[in-house]
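Here the structure is laid out as structure tokens; the discussion comes afterwards.
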Amino acid sequence: ASTLEGKELEIFRSRLLSEDPPTLQEVGEKFGISRERVRQIESRLKRRLKEFLSTEAADIEETG
């Protein structure tokens, strides 16, 4: 899926968009998952964001 929901959306907002992000441990405790699992989800989110931005940037360059 290309849209974020649930845990992914919350992790994206709290960890990647916040100026003062909670720790992996804090996020894990909130969702009842390990901090390593939070790190894995965050890593996947960063990769998806990077892919999205590179695709969008290519589209912008082609139309510019």
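The values are calculated or read from the model by the stated rules, or taken from the named source; none is laboratory data. In this text the structure is predicted, and so the values were computed from the model without any measurement. Positions of Cβ are backbone-derived with ideal geometry, glycine not excepted, and every protein chain shown enters the neighbour counts. With ligands, DNA and RNA removed, areas are computed over all heavy atoms of the protein, side chains included. Shrake-Rupley method; radii C 1.70, N 1.55, O 1.52, S 1.80 Å.
Note the angle between two axes, namely the Cα long axis of helix 35-63 and the longest principal axis of the Cα atoms of the chain, as a number of degrees from 0 to 90, rounded to the nearest 10. Result, in degrees: 10. Extent along the principal axes, Cα only, for the chain: 45, 25, 17 Å, with the longest axis given first. Rolling a 1.4 angstrom probe over the chain with all protein chains present gives an accessible area of which 49% lies on carbon and sulfur atoms.
3J(HN,Hα) couplings calculated from phi for segment 24-33 with the Karplus curve 6.51 cos²θ - 1.76 cosθ + 1.60 (θ = phi - 60°) are, in sequence order, 4, 4, 4, 5, x, 5, 4, 9, x, 10 Hz; Gly and Pro show x.
Taking each DSSP H run with n ≥ 4 as -39500 (n - 2.57) and averaging over every residue of the chain yields -22000 deg cm²/dmol at 222 nm.
Calculate, in nm to one decimal, what residue 47 and residue 60 gain on full extension: separation in residues at 0.36 nm each, minus their alpha carbon distance.
Working: separation 13, 0.36 × 13 = 4.68 nm, distance 1.99 nm.
Full extension of this stretch gives 2.7 nm more.
Solvent exposure of the chain amounts to 77 Å² per residue of accessible area, where only protein heavy atoms count and the probe is 1.4 Å.
Taking 11, 33, 41 in turn, the Gaussian network model of the chain (Cα-Cα springs below 10 Å) assigns the largest fluctuation to 33.
Just add up the charged neighbours of residue 16: K/R +1, D/E -1, any other residue whose Cβ is under 14 Å from the Cβ of residue 16.
Numbers: positive: 7, 13, 15, 39, 44, 46, 47, 48, 50; negative: 8, 10, 19, 20, 42.
Charge balance in the 14 Å sphere: +4.
Of 26, 51, 42, the residue with the greatest mean-square motion in the GNM of the chain, using alpha carbon springs below 10 Å, is 51. The residues neighbouring residue 57, those whose beta-carbon lies less than 12 Å from its own, together hold a net charge of -4 under the Lys/Arg +1, Asp/Glu -1 convention.
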